[in-house]
Amino acid sequence: MKEKPDVLQGTLALMVLKTLDILGPQHGYGIARRIEQISEDVLAVNQGTLYPLLLKLEHEGSIVSEWGASENNRRARFYRLTAAGRKQLQTETRDWEQTAAIIARFFKVKAEDLP
Amino acid sequence: MKFLRRFFKRLSNFASGRDADQRLQEELAEHLALQTEENMLAGMSPSEARRQAALKLGAAQAVRERHHAEQSLPFIENLLQDLRYAVRMLVRSPGFSLVVIATMALGVGATTAIYSVIDATLLHPLPYPHPRRAGAR
């Protein structure tokens, strides 16, 4: 059986930011659930690791959190993207796309293409 | 900029002793509750649903430790802890501490003194052709 790939260092933060960007304020479980769904269960995210990461993003000022009521009216901590976080997401998205494009070009090239 | 912000936040948390553990516990409990509900909707028995939810969350203690490490500055925390421990051990056996400190002080002092002499006489002699005869007429 093939093992599920671990999340690449740093990409989980990007996924969290993007999820919050699309869906608006979410609690930790909501974020974990979305990441799982979007990646179609290919990624093995140890859900607990999300919380230290959320705290780190909060310290960096990319997100803020506050208590709110969850779907079933219990207390839950909701995370929201800040303006700085949105800007960070944009630059990181651009960097990521650039890297992916460069790698894709390397994969496409064949021996006979080269002069 | 991001790094600095994070550092000062952690420094202020460290200085004020602000702890996020209570908050994390509450978040994890809510997380488990939601996942358990979802598992039960998927047809698991309550105990199995709870078990699977806990498995999916991973090692809670490790998460708590990492959360705490992010909240504060673990390096400085450990350093202070070690310093406190060192002082406590020194105070506990003052005689031994005194002997060790005196030995080290004498050792360092003697080494420095000898090196100073070597430095002045052998390595940097006076800048005359015959420094040994400097006082002679």
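The values are calculated or read from the model by the stated rules, or taken from the named source; none is laboratory data. This structure is a prediction, so every number in the text was calculated from the model and none was measured. Because the Cβ atoms are built from the backbone with ideal geometry, glycine has one as well, and the counts that use them run over all protein chains shown. Note: accessible area is taken over every heavy atom of the protein model, side chains too, but ligands, DNA and RNA are not part of it. Shrake-Rupley method; radii C 1.70, N 1.55, O 1.52, S 1.80 Å.
Numbers for the structure displayed
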item	result
Where A meets B: accessible area buried, both sides, 1.4 Å probe, Å²	2600 Å²
Mean separation of Cα contacts under 8 Å, 6 or more apart, over the residue count of chain A: relative contact order %	27 percent
Unit charges on C-beta of K, R, D, E only; dipole of the protein assembly as shown, Debye	1140 debye
Carbon plus sulfur fraction of accessible area for region A:16-115, probe 1.4 Å, in percent	56 percent
Rel. contact order, % - alpha carbon contacts under 8 angstrom, at least six apart, chain B	23 percent
Residue-averaged 222 nm ellipticity for the protein assembly as shown, from DSSP H runs of 4+ at -39500 (n - 2.57), nearest 500	-21500 deg cm²/dmol
Flagged links, alpha-carbon separation over 30 Å, of A:Lys18/A:Lys108; A:Lys18/B:Lys9; A:Lys56/A:Lys108; A:Lys87/B:Lys9; A:Lys18/B:Lys56; A:Lys18/A:Lys110	A:Lys56/A:Lys108; A:Lys18/A:Lys110
Accessible area per residue, Å², region B:1-73 with all protein chains present, probe 1.4 Å	60 Å²
Set of aspartates and glutamates near B:Lys2 by C-alpha distance (under 15 Å), chain-local residues within fewer than 8 positions excluded	A:Glu58, A:Glu60, A:Glu92, B:Glu70
Solvent-free Debye scattering, log10 I(q)/I(0), computed from the Cα coordinates of the protein assembly as shown at q = 0.11, 0.16 Å⁻¹	-0.76, -1.24
Inter-part distance where region B:45-87 and region A:58-84 are each reduced to a Cα centre, Å	21 Å
Highest-MSF residue in chain B out of B:Val87, B:Val117, B:Val100 [GNM, Cα springs under 10 Å]	B:Val117
